[in-house]
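For reference, the structure discussed in these notes is given below.
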Amino acid sequence: MAMGRRRLPPTFSAGMLRALLAAALGGALCVPAVQAADLMQAWKSAQQHDADFQAAQATYEAGLTQREQASALWRPTVQATGTAGRMTNETQTQGAQFYAPGFPLTNSAVFNTSIVNGNMDRWALSARQPLVSGERLAQSRQLDLKAEIADLEWKNARQDLMLRTAQRYFDVALAQEALRVARSQEQSVEKALGEVKARYKLGDVPITDTHEAEARVEAIRAQIMAAETDLQLKQAALADATGLPGASLDVLEPTRGDVPPPGGPLEQWMNEATAGNPGLRMRELQVDVARRESDRYGVLSSSSVDLVGEMTRDHLSGSGDYGPASNTLRTSLLGVQLTIPLYSGGSRSARREEAQHLTDKALSETQRSRQQVGLQTRAAWLGLTAGERRVQALAAALKASDARLAATRLGHQVGDRSTLDLLSAESDAANARLSWLQGRVGQVMNRLQLEALAGKLDESQLQTVNALLEVPSEGAAPSDSRH
């Protein structure tokens, strides 16, 4: 029999079918797609959106100008001034010697001028070239040191941003895993609750089993609410720092391969941190800045030698007691000027004493920073080395939990294990994987922290960590080949 075209029921027309398909397609398009981003994407976005890093960048750019300021201290300065206004000038000269051809020599000449409220204009052009100045030398060295500090602050800011970004990224990863564990436990407990209720109706279990299962369900639901809140906060922190869509962002987990070991003994890392830590180096430079400030107010620094040049013109015209008058004065100067402050009221000595005390303070702060960097380096190195063994133990515990879960499931199927035994095994296995992941994240952060303390944290280190990331698995065992 020939096959004919299938006809839609009268109540389901072709137009209705097209409308339903369009609605279904539109609904699918409206569902927000979950985006996955790795650590390098988060780092690149953070450089454009993190407020602290933007402020550090502006500070760095401002600090770069201090080298130019240091050079400008030894360049010549040129200044032009002009003045115009009304001026009164009267002069009286008596007993002057006067001589002119055809007139007898006299020593009792009198010269008087008077201009009342006349027109005055004045202009001057002056230049100064510093030759010798202890104060300028100290200032220029201070500015060079501050420019070096700005470079170190910028390096420190980049390292801090890398650490902050990695920490926020892995905070989201751990929060996601904690929520996944809680939801998985909820499903298992709800399933077990249904089974317990059914068996209770058949008289196979007492009512206490039902009450216990219901209590577990409510406890798990409370954990889920707390985990959801924690995840939202962690996602918001990551979104604020990177500009990535936090609510629809799915991060990866550092579960692939092994975390790189320290690569050297503790003494080597301690020496590298002492020599290369940006924060410690900044403290040392600040001591030099304080010393230069003290040098500015020394006896020898107070004196200076400058090459000076000046051209001026003063003109005054008007009338006074003796009729119309006009005075013009032109001067020019080129020479060497020596300046020696003799007395400043004790101001310079007081400032020098203040600078010396501030130098002592900077020395003490540097020593304290050196001790802190040493302790932090030791803690990061020990955390990385001891953490490796801890992660291995957690991986073994996870495999044991998975094996126990498999055995408990089999025992539950044949009736040798109770539903509560199965729930406990499932909870232990899920928590074992979460603990293992927390240990891995701790290893990664200790590695990055150790590199930062030595001043060696850069994008290559982030790339190494990024290679450890992979899509979260549903309770899979660790991919470490040794376990």
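Overview of results
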{"item": "Across 197/399; 44/234; 191/234; 399/456; 201/399, pairs whose alpha-carbon gap is larger than 27 Å", "result": "197/399; 191/234; 399/456; 201/399"}
{"item": "C-alpha long axis of helix 419-453 to longest principal axis of the chain, angle in °", "result": "20 degrees"}
{"item": "Dipole-positive endmost among 278, 391, 145 within the chain (Cβ charges, Cα centre)", "result": "391"}
{"item": "C-alpha center-to-center spacing [segment 169-221, segment 225-293] in angstrom", "result": "38 Å"}
{"item": "Contact order normalised by residue count of the chain, Cα under 8 Å, 6+ apart, percent", "result": "22 percent"}
{"item": "Stretchable slack from residue 64 to residue 38, in nm (0.36 nm times residue separation minus alpha-carbon distance)", "result": "6.0 nm"}
{"item": "Burial ranking of peptide ranges 114-122, 331-339, 195-203, 393-401 (average Cβ count within 10 Å, highest at the top)", "result": "393-401, 114-122, 195-203, 331-339"}
{"item": "Square roots of 5 times each gyration tensor eigenvalue, C-alpha, segment 356-443, largest first, Å", "result": "51, 12, 6"}
{"item": "Mean shadow area of the chain, taken as a quarter of the surface of its Cα convex hull (nm²)", "result": "53.6 nm²"}
{"item": "Computed E for residue 353/residue 49 - FRET, C-beta separation, R0 51 angstrom, nearest 0.05", "result": "0.60"}
{"item": "Contour excess over end-to-end distance, with Cα ends at residue 116 and residue 183 and 0.36 nm allotted per residue", "result": "14.3 nm"}
{"item": "In segment 49-98, the chymotrypsin sites (Phe, Trp or Tyr not before Pro) that fall in loop regions by DSSP, at most 13 other Cβ within 10 Å", "result": "74"}
{"item": "Virtual spin-label span in nm between residue 131 and residue 424, 7 Å along Cα→Cβ", "result": "9.5 nm"}
{"item": "Gain on full stretching of the segment that runs from residue 409 to residue 97 - 0.36 nm per residue minus C-alpha separation", "result": "99.4 nm"}
{"item": "Set of lysines with alpha-carbon distance to residue 146 below 16 Å, sequence-local pairs under 8 removed", "result": "155"}
{"item": "Theoretical FRET efficiency, 1/(1+(r/R0)^6), r = Cβ-Cβ of residue 240 and residue 389, R0 56 Å, to 0.05", "result": "0.95"}
{"item": "Loop chymotrypsin sites (Phe, Trp or Tyr not before Pro), segment 339-437, which have at most 11 other Cβ atoms in a 10 Å radius of their Cβ (DSSP)", "result": "343"}
{"item": "Distance between modelled label sites at residue 365 and residue 274, nm, 7 Å Cα→Cβ extension", "result": "2.3 nm"}
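Read the figures in this text as sums done on the coordinates, not as results from a lab. Bear in mind the structure is a predicted one, so any value in this text is a computation, not a measurement. In this analysis, Cβ positions are derived from the backbone assuming ideal geometry, glycine residues included, and neighbour counts consider all displayed protein chains.
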